[in-house]
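Working notes, beginning with the structure itself.
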Amino acid sequence: MNIQDTSHAIINNTAESVKLPLLADTLAELGYGEFFACFNPLSPRLQSWTRMRSCVPGNLRASVDLFLFGEAVEAGRLPPALLDLVPMLKARGLLSETAQGFLHTPDLVLLPVQGNWLFCQRPQVNPTLYFGDDSLALLMRSIPRSGKTALDLCAGPGIQTLHAARFADHSVGVEINPVAADLARINMALNGLDHKVEILCGSLFAPLGTRRFDSVTANPPLLPFPEEIAYPFVGHGGRDGLVITKKILAGLPVHLADGGHAQIVGTTLSDGILPTTLDTLEALAEAHDLGLTMSVMSHHLLTPGSDYFDGLVATASSNTDVPPAQIAEAFANMLQEEGATHLCAFFLHAAHRAVGGLQLIDVAAVDEPGLWYIP
């Protein structure tokens, strides 16, 4: 069983929605969050969690095995308060049970993130329900407007939507993948916020008509990669990493309320000193009367043999039958054509301006540790 098999069948079970917060409450009481909080909150890593499994107290072991490590657990090992919730979780498709009485999740983990509980896909090379370091980096920069409206584009399982809902009067998440959208709805109910959140399935602004929002967040596919080479859908940002970001910037004038702002996380190409796409972003700012602030966080070597180059090639190789050597050649040729040697991580802040423009906050040091933060 996997989440694709179950999500559409369970998400409309509104009679069970009021029970989902009991899962969060029960795990909090058991101390589940205490174990998870021992790890770097900005870099969720399955191998780090499992490496310390022996440190989990006995009364917590089964819950952590089931919801964090992704292991099959005998139902009888669960504490009574959690065992009482199993029928509801099975009805929602969040748990399955084998004929031998073992429970397991459909490739999901449950994470406490900045005061919210989030079901997301177990960390892996080719995710379809993405939550990762860039999700958390954007979350740390997000400034929802109290009493206002918020929009989260490319919402995935909905962490930005959830965070905004704690402050805004109304929060809307838009996600193109219907399975991810269903999981986001589950996460809203899990946190007791489904009454003030909408999750819409569609591409960027398409489901919104002319609705306007006080704050917008977006974590689009952001990795620069040859367009002719398949790459995991959640990551392929086109040659310059900006193919979706450009569409978002073009739609902001219609969908940003007066005095509103947007925050977007991204990567692009650079020469190790400056992004190669500055002219592109400046032209977009002027064309759409946006004031853009680009915070350049890091430059990491992106040439054959470097960690980032080889890592992107390996990820692409897992997603296609194209030989790795052919992928590497196409990638190297693209970088040469673009005059790029590095991968640049950045954040964009956008707001209405009478005359658009681009300004830089450049805190990057070449090839220093860290991608989204100053180490």
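The values are calculated or read from the model by the stated rules, or taken from the named source; none is laboratory data. Here the structure is a predicted model, which means the values were calculated and not measured. Virtual Cβ from ideal backbone geometry, glycine too; neighbours counted across all protein chains shown. What goes into the accessible areas is simple: the full protein's heavy atoms, side chains included, and nothing from ligands, DNA or RNA. Shrake-Rupley method; radii C 1.70, N 1.55, O 1.52, S 1.80 Å.
Here is how the numbers come out for the structure above:
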item: Hz values of 3J(HN,Hα) by residue in the stretch 307-312 - Karplus curve (6.51, -1.76, 1.60), Gly and Pro given as x; result: 4, 6, 4, 5, x, 5
item: Degrees, to the nearest 10: 324-338 long Cα axis against longest axis of the chain; result: 40 degrees
item: Rounded to whole Hz, the Karplus (6.51, -1.76, 1.60) HN-Hα couplings of the stretch 363-372, x for glycine and proline; result: 10, 7, 10, 5, 6, 7, x, x, 10, 9
item: Per-q log10 I(q)/I(0), the stretch 291-339, q = 0.20, 0.23, 0.24, 0.27 Å⁻¹ (Debye; single scatterer per alpha-carbon; no solvent); result: -0.71, -0.84, -0.88, -1.01
item: The stretch 174-290 - Rg and Dmax from Cα coordinates, angstrom; result: 15.9, 47
item: Å² of accessible area per residue within the stretch 106-192, as computed with a 1.4 Å probe and no ligands counted; result: 28 Å²
item: Net charge of Cβ neighbours under 13 Å - reference residue 32; Lys, Arg +1; Asp, Glu -1; result: -3
item: Beta bridges per DSSP with both ends in the stretch 265-375, % antiparallel, nearest 5; result: 70 percent
item: Förster radius 25 Å - calculated FRET efficiency between residue 301 and residue 39 (Cβ-Cβ, nearest 0.05); result: 0.35
item: With eigenvalues of the C-alpha gyration tensor scaled by 5 and rooted, the stretch 228-298, Å; result: 22, 16, 11
item: For the chain, calculated [θ]222 nm from helices alone, where every DSSP H run of n ≥ 4 adds -39500 (n - 2.57); result: -9500 deg cm²/dmol
item: Simple spin-label estimate for residue 61 and residue 77 in nanometres, 7 Å along Cα-Cβ; result: 0.8 nm
item: The stretch 42-164: mean projected area of Cα convex hull, nm²; result: 9.3 nm²
item: Local electrostatic count, residue 333, Cβ distance below 13 Å [Lys/Arg +1, Asp/Glu -1]; result: -4
item: Carbon + sulfur, % of accessible area of the chain - ligands and nucleic acids excluded, 1.4 Å; result: 54 percent
item: Over the chain, relative contact order from alpha-carbon pairs under 8 Å, at least 6 apart, %; result: 13 percent
item: Most fluctuating residue given options 186, 229, 264, as computed from a GNM of the chain linking Cα atoms under 10 Å; result: 229
item: As computed over the stretch 250-375, the Cα convex hull volume per residue (Å³); result: 122 Å³
item: Alpha carbon convex hull of the stretch 42-107, projected area averaged over orientations, nm²; result: 5.1 nm²
item: Antiparallel bridge percentage (DSSP; both residues within the chain; nearest 5); result: 55 percent
item: Computed Kirkwood radius, in angstrom, where 1/r is averaged over Cα pairs of the chain; result: 21.7 Å
item: Residue among 270, 318, 54 with the largest mean-square fluctuation in a Gaussian network model of the chain, springs linking Cα atoms under 10 Å; result: 54
item: Between 0 and 90°, nearest 10: helix 278-287 axis offset from the chain longest Cα axis; result: 90 degrees
item: Using a Förster distance of 22 Å, the FRET efficiency for residue 233-residue 200 (Cβ separation, nearest 0.05); result: 0.75
item: For the stretch 312-358, alpha-carbon Rg and Dmax in angstrom; result: 16.9, 50
item: The stretch 301-375, accessible area per residue, ligands and nucleic acids excluded (1.4 Å, Å²); result: 53 Å²
item: Dimensionless Rg ratio for the stretch 89-153, taking C-alpha atoms and the 2.2 N^0.38 Å reference; result: 1.46
item: Mean Cβ count within 10 Å, highest first, over the residues of peptides 349-355, 135-141; result: 135-141, 349-355
item: Between 0 and 90°, nearest 10: helix 20-30 axis offset from the chain longest Cα axis; result: 80 degrees
item: Net charge of Cβ neighbours under 12 Å - reference residue 73; Lys, Arg +1; Asp, Glu -1; result: -2
